[in-house]
Amino acid sequence: MSSVQLPPSTLWLALGGLAVVTIQWLRRPTVLAKLPGPPAGDWLFGHIKDIRGDSGLEFQKQVFSTYGPTVSLKGTLGSEIVFTLDPAAIHTVQTKEKDKFHRPKGPAVLIRSIFGGGLLALSPDEHRVQRKLLNPVFNMKYLREPILSQMPIFMDIATEATKAIKKELASSKGGKKVDVFPWATAAALDLVGKAGLGFAFNSFSGERNEYSTAIKGVTQSFGNIGPFLMLLPYVHRIGTPAFRQWVLSIIPSTTIQKLRHAVKLQNEQAEEVLRARQALLSAGNDLSSVAGRGRDIMTLLMKANESEGSDSYIDRESMIGHMNVFIFAGHETTSTAVSRILEVLAQHPDVQVRLREELRQYFEANPNDTHHDALLELPYLDGIVREALRLYPPVAIIGRTCQEDTVLPLDYPVDTPAGKITSLPVKKGARILMSSVYFNRNKAIWGEQAEEFMPERWIGHKVDEVTQAGSRIPGVYSSMMTFGSGSYACIGFKFAVMEIKVMLAELISNFKFEPSEEECVWVASFILEY
């Protein structure tokens with residue numbers, strides 16, 4: 001069979017035509033009101049780099065303080081973005097009319113390409129079925145007993161992190177300066193592995209160094225690819241999967257090649273976890289004596305496959321996707337949260353001293369306790385975790401794309417050239433970005449001290465006593481936006497909070513943390529949108 005060779009000029013003309021059509025489509029009006037907002041910004045990336053850059057959080061603050069709670073930003077190639085912290089709009093997008101607002105296709109394509117699938121990359125119908133399957137394992141009534149039975153594992157891993165830090169301190173020239181983040185990452189990976197998947201990553205032994213390094217590379221690469229996310233759905237349609245993989249293999253980009261290497265390692269690791277668990281199940285092991293006691297995520301997924309053809313059936317490729325996403329999201333955001341809270345405690349030595357005293361009293365009163373369930377209920381520890389996660393959510397922005405023409409109600413009226421509006425008509429294709437950070441710092445909800453770190457606000461108070469009367473608050477965790485809301489809320493947030501508390505209890509009990517002389521820059525993240 002003869003093949004037809006197209007001249008290079010034809011290919012470039014085709015690509016150029018595709019680019020023109022794409023630009024025109026992206027620039028079509030999707031918001032039927034002229035919202036206030038900053039100047040257009042970069043012609044190619046709009047304000048995306050401003051949001052994602054080192055000054056991204058400051059950019060958000062400036063935009064909302066200057067232009068109001070619902071503004072217009074520019075996305076890739078001049079496309080329009082609605083950026084909001086309005087509670088009514090957020091409630092509509094994430095809960096009330098959630099079927100009209102789906103995750104953006106760019107991140108979903110990226111996640112499916114990198115991880116092979118998982119909840120974050122599913123279509124709404126797929127997500128509904130598999131979320132229903134997975135919800136029980138993350139329900140606190142279901143989760144608490146098996147996880148508390150694994151608290152010795154939690155404590156052992158936290159102790160390993162302490163030993164590793166002490167060893168590094170002993171060998172360091174300064175004697176007291178250590179980067180805690182790598183050790184928090186190692187601990188979080190082991191916690192997800194043993195308690196969540198019944199698998200030992202052995203991060204502190206160095207056995208998985210290449211895997212851990214690859215995961216960190218994925219995080220960095222996400223940031224570099226971010227501005228191109230809107231183009232991914234179109235690129236993803238070109239040719240066959242094999243053709244796209246070939247194209248990726250020849251692209252002279254360090255970022256792309258790091259991602260390809262990470263994908264290979266992640267898939268190999270997921271296959272290893274699957275084989276190990278399948279071997280136990282095939283041997284008739286009821287798993288009652290292993291981590292997770294047969295109720296971990298991995299076992300739940302594999303048992304679902306016993307009835308192929310049912311609504312709950314998950315094919316092997318999807319299982320690997322779930323595994324990769326759980327491992328990545330389950331340890332990356334947790335280690336970031338732990339590191340950020342430690343920095344906050346270093347900046348508030350009085351809070352750190354009070355927490356250390358609470359922990360000392362607890363451990364002295366419970367010297368023989370192996371499960372430490374009461375540790376999770378310590379009021380000051382709980383207040384610190386809630387307050388830090390309020391001010392510094394690991395995922396700063398959540399994005400959605402409108403699937404049909406609709407109207408967003410607004411709690412906070414917006415001034416437009418046509419007058420003040422209390423609702424916002426949006427068309428199919430409109431992009432909505434919601435700021436978790438500045439929703440959580442909204443003075444209309446959290447009071448005049450909304451931007452201050454005050455763990456005491458949570459102690460002995462219910463959520464409706466912490467927030468302003470009449471506030472409409474959509475979040476699943478203490479009514480914050482930290483873990484999202486609605487059916488797309490972070491499915492593992494309760495597990496993550498338990499991880500954070502155990503790590504803080506061990507580290508604060510053993511070390512005094514002081515601010516680093518070097519400035520630490522935290523970059524706003526919204527790649528893994530809930």
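When both the range 428-483 and the range 319-382 are represented by their alpha-carbon centers, they are found 21 Å apart.
Provide 387, 97, 404 in ascending order of the number of other Cβ atoms located within 10 Å of each residue's Cβ, fewest first. Each step should come with its number before you reach the end.
Values: 387 24, 97 17, 404 12.
Placing the least packed residue first, the sequence is 404, 97, 387.
Model label points for residue 509 and residue 61, set 7 angstrom from Cα along the Cα-to-Cβ axis, are 3.5 nm apart.
Counting 0.36 nm for each residue step from residue 373 to residue 443 and taking away their Cα separation leaves a gain of 21.8 nm.
Remind me, relative contact order of the range 376-530 in percent, using alpha carbon pairs under 8 angstrom and six or more residues apart? If you can, show how the numbers build up before the last one.
Details: 201 pairs, mean separation 46.6, N = 155.
Rounded, it is 30 percent for the range 376-530.
Count Lys and Arg as plus one, Asp and Glu as minus one, and take only other residues whose Cβ is under 10 Å from that of residue 404; the net charge is then 0.
Solvent-free Debye calculation, one equal scatterer per alpha-carbon of the range 323-374: log10 I(q)/I(0) at 0.17, 0.21 Å⁻¹ equals -0.77, -0.87. Once the C-beta distance of residue 257 and residue 316 is scaled by a Förster radius of 25 Å, the resulting FRET efficiency is 0.45 to the nearest 0.05. Rounded, prolate or oblate: which fits the range 337-447, taking a ≥ b ≥ c as square roots of the Cα gyration tensor eigenvalues, rounded meaning a/c under 1.5, else prolate when a/b beats b/c? Prolate is the answer for the range 337-447, as a/c is 1.5 or above and a/b outweighs b/c. Taking the number of Cβ atoms within 10 Å of each Cβ as an exposure proxy, the fewest-first ranking of 506, 58, 517, 343 is 517, 58, 343, 506.
Model label points for residue 179 and residue 281, set 7 angstrom from Cα along the Cα-to-Cβ axis, are 3.9 nm apart.
Label positions at residue 423 and residue 353, each projected 7 Å from the Cα along the C-beta direction, are separated by 5.6 nm. Here the calculated FRET efficiency for residue 169 and residue 520, from their Cβ-Cβ distance with R0 = 22 Å, stands at 0.70, rounded to the nearest 0.05.
Each reported figure results from applying straightforward, stated rules to the coordinates on display, with no laboratory input. Quick caveat: nothing in here was measured; it's all calculated off a predicted structure. Here the Cβ is made from the backbone with ideal geometry for all residues, glycine too, and neighbour counts use every protein chain on show.
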